[in-house]
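**Student:** Can you keep this structure in mind? I'll have questions shortly.
The numbers here are math on the coordinates, done by the rules we state, and not lab data. All of these numbers come straight from a predicted model, not from anything done at the bench. Here Cβ is always computed from backbone atoms with ideal geometry, including for glycine, and neighbour counts include all displayed protein chains.
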Amino acid sequence: MRTSLQIYTTIGRTFGTWIGPIFSGILIGLLRLSVRFGMFLDCLFYPSLRKMKPINPLVIVGNPRSGTTFLHRFLIKSGLGVGSELWHMVYPSITLQKFVKPILPLLEKISPARHHSTVAHETSLTSVETDDVSLLFRYLDGFFLYGFILAFAEEDLFDFFDPKKRNTTERDFNWFESVWSRRILSSKSQRIIPKLFSISTSLPAFINRFPDAKILYLIRDPLNVLPSGLSLVTGVLDKKFGFWNLPEEKRNQYLTRLYNALIELLKRFHDDWTTGNIDQSKVLIVNYADMMTDFETVMDSILNFIDEDSSADLVDLIKITAESQRNYVSKHSYDLTKFGLSEEKIRKDCHFIYDTFLNDD
């Protein structure tokens, strides 16, 4: 209730929108009730769920705009496992999905995904997406909520989403397991491939909870990933609320908070990696630059890492994709100064990433 009130007052005070959030809140409340009832029915109609656990999850981790979406969707397209489309996370109940699937074209017209810029990030209800979304719809919680809404609050609420200050990992991991088990059962797959940027802050706990997991952590030059991430989020907010029409002081406060949160994601992983808190045998570092210029070698490393043989069809798909990657030119543009940033500031703030992962010396 407290979180709902914070969301309502933050949206109202920031964007001057007071009526819309009430209707959205009612719809989300009804959605959560229907999902809870549907998942109860799942346990009756699919009793195997009670004993089922995700099999060898292959998890894509990394800051937004570090190449996670491309790799996530490629691995699923290649048949190495199954992921969750956006509608699977909004309606995670297998029973409920049977009623929802026929009306997906209608739901697409009111989906929040329509606010995303297709240049920065193409998505829809039927697109494979980051599993962090499921926490937002289930608990009205998580980094998505902070990044898109509560970073605008008068008080900085980052501590509320920091697992070091408020640890919800057990709740979150139990939810992921429940959702992933249903996805494996409904798809008849042997491996789930989720994408989670938020577990950068709690990867040791995640590996402890899912000891069979394999992690692909993507690294990209912060000079690209940070402004691109800011551009993506503000693009959505501008399309929905008119972000760039807000007072400059409010914009700058928000941009500073989001920038610091994105850096904190990088720092938490780096600190756990360099201090030995992470079992490095379970994590493969994937460099974005290598993925763009030498995708064949990157995929060889990934297949070896997960003990997977490559079929002739997969080899052909990798070759075609590698050529496409080498010729790829992003249409997503951004200006550092627009976000109050400079190359010097980013390099200074992210020196630990350059020193550990991007040192060419």
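**Student:** Can you put Glu154, Glu129 in order of Cβ neighbours within 10 angstrom, beginning with the fewest?
**Tutor:** Arranged by neighbour count, lowest to highest, Glu154, Glu129 become Glu154, Glu129.
**Student:** Counting only other residues whose beta carbon sits under 12 Å from that of Ser66, what net charge do I get with K and R as +1, D and E as -1? If you can, show how the numbers build up before the last one.
**Tutor:** Working: positive: Arg65, Lys195, Arg220; negative: Asp221.
Here the charged neighbours net out to +2.
**Student:** Rounded to the nearest 20 Debye, what is the dipole magnitude of the chain about its Cα centre when Lys and Arg each give +1 and Asp and Glu each give -1 at the C-beta?
**Tutor:** That gives a dipole near 1600 debye.
**Student:** Related question: With charges set only on the Cβ (+1 for Lys and Arg, -1 for Asp and Glu), what does the dipole of the stretch 134-202 come to about its Cα centre, in debye to the nearest 20?
**Tutor:** Working: 10 positive and 9 negative charges, 134 e Å.
For this selection, approximately 640 debye.
**Student:** Then there's this: Among (i) 17.5; (ii) 19.4; (iii) 18.4, which is the computed mean projected area of the Cα convex hull in nm²?
**Tutor:** The value computed from this structure is option (iii).
**Student:** May I ask you to list, by number, the DSSP H helices of the chain whose Cα span along the axis is at least 24 Å and whose average Kyte-Doolittle hydropathy reaches -1.0 or more?
**Tutor:** 20-45, 169-187, 222-241
**Student:** What ranking of Val82, Val90 emerges when the number of other C-beta atoms within 10 Å of each C-beta is taken as an exposure proxy, fewest first?
**Tutor:** Numbers: Val82 22, Val90 25.
So the residues, fewest neighbours to most, are Val82, Val90.
**Student:** Need one number: % antiparallel among DSSP beta bridges in the chain, to the nearest 5.
**Tutor:** On the way: 1 of 12 bridges.
Antiparallel bridges make up about 10 percent of those DSSP assigns within the chain.
**Student:** Add -39500 (n - 2.57) for each DSSP H run of 4 or more in the chain, then divide by its residues: what number comes out at 222 nm, to the nearest 500 deg cm²/dmol?
**Tutor:** -17000 deg cm²/dmol
**Student:** How much net charge surrounds Thr293 when only the other residues with a Cβ under 12 Å from the Cβ of Thr293 are counted, with Lys and Arg +1 and Asp and Glu -1?
**Tutor:** Value of the local net charge: -3.
**Student:** Taking 0.36 nm per residue of sequence separation and subtracting the Cα-Cα distance, how much length would be gained by fully extending the chain between Ala289 and Asn208, in nm to one decimal?
**Tutor:** Extending this stretch completely gives an extra 26.2 nm.
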